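Please treat every number below as a calculation from the coordinates, not as lab data. Bear in mind that the values here come from a model prediction, so they are computed numbers and not experimental data. When we count neighbours, we look across all protein chains shown, and the Cβ atoms used for this are built from the backbone with ideal geometry, even at glycine.
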Amino acid sequence: MNRQQDSVYTLPIGDPRRQYRLTVRPEEIVDTHRRRTVSLQEMIRLLEPATFILIGEQHDNARHHQFQAQAIEGLVQAGRSVIVGMEMFDRTKQYALNLWTLNRLSEAEFIEQSEWKTQWGFDFALYRPIFEVVSRYRLRLVGLNVPRSVVRRTARGGWQSVPEAERMGVPDPDLSVEAHRKLFYALLGGGHPSGQTQNDNFYAAQVVWDTAMADAALRYLERTVPSPRLAFVILAGNGHVMYDVGISLRLRMRSNLATRVIVPLLPSEKPIQVQASLGDFVWLPAQGG
């Protein structure tokens, strides 16, 4: 792991009660609240109070997606009523996602009808374990994103440059969360370029992204029959979930439903130090495992 990535795992932001460091060893899941290792099954049990469960990823890492699939299946087997929301699709592709849930499409048909190659573009095989679990249990699948054109337009000219008709009901982004801004620029590998309109617009695009995905999840939930056993799993890149300052924060700005964050780290053959506030649970895959 390079130093820049390592530093992203140890930022002094997020939950003020967990501003301490923990060591995560290869193949361990660590509960950062209880400061101890847990099994996948125990993690599933400890997720019981949460309605929203955010699981991060590095998009091109197959083990991250296998882990996500295992967590989703574990929740199903624990009796949770699971919905899977994905960063990988925007809202306009919901019909194809519904057909996949109903097992009405072959994989090839789904890739074509969901426009996977232009919606996301990563090798579908990386994500296949997730879609297999969704299909096996006929889980509801939700496209959380807004069209990329909305994010690109925000990055160029700010949110105010996006016509009202193209905003899809997404609320105005709150750009005042300093901890999130620090994470954003740390992920870029640079400092904090304040006062530069272009950079502020670039940051605004990230906030729009997170806000839109939270908005889509909440809207979907409004149309869902309430259940105390509901688990809305959100799959998104680590940058959208780390330190609980991305999508989960935007959810809490509008809802009192409990959230939990799971952060898979980049594979390593050695133990890694992380800030406990990085996530509620942190998992380290072994290098080459």
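In table form, for the structure just shown:
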| quantity | calculated |
| --- | --- |
| Flag if residue 170 is in contact (Cβ under 8 Å) with a residue 60 or more places away in the chain, touching a helix residue (DSSP H, G or I) at 6+ places or on another chain (Cβ under 7 Å), within 23 Å of residue 83 (Cβ to Cβ) and not in a helix (DSSP H, G or I) | no |
| Enumeration of residues in segment 130-153 that are small (Gly, Ala, Ser), touching an Asp or Glu at 6+ places or on another chain (Cβ under 8 Å) and in a helix (DSSP H, G or I) | 149 |
| Any pair with Cβ under 6 angstrom, 6 or more apart, that starts in segment 88-117 at a residue that is free of Cβ contacts under 8 Å to residues at least 40 places away in the same chain and ends at one that is part of a helix (DSSP H, G or I) and among the charged types (D, E, K, R) | 114/93 |
| Within segment 176-289, helices (runs of 4 or more DSSP H) holding 1 or more residues that are acidic (Asp, Glu) and crowded, with 21+ Cβ neighbours inside 10 Å | 197-222 |
| Check on residue 53, under 17 Å from the mean Cα position of the chain (by Cα) and among the β-branched types (Val, Ile, Thr) | yes |
| Odd one out for residue 143, checked against (1) under 19 Å from residue 62 (Cβ atoms); (2) under 18 Å from the mean Cα position of the chain (by Cα) | (1) |
| Pick from segment 59-84, criterion in a loop (DSSP other than H, G, I, E, B) and in contact with a strand residue (DSSP E or B) (Cβ under 9 Å, 6 or more places away or on another chain), ranking: farthest from residue 253 (Cα to Cα) | 61 |
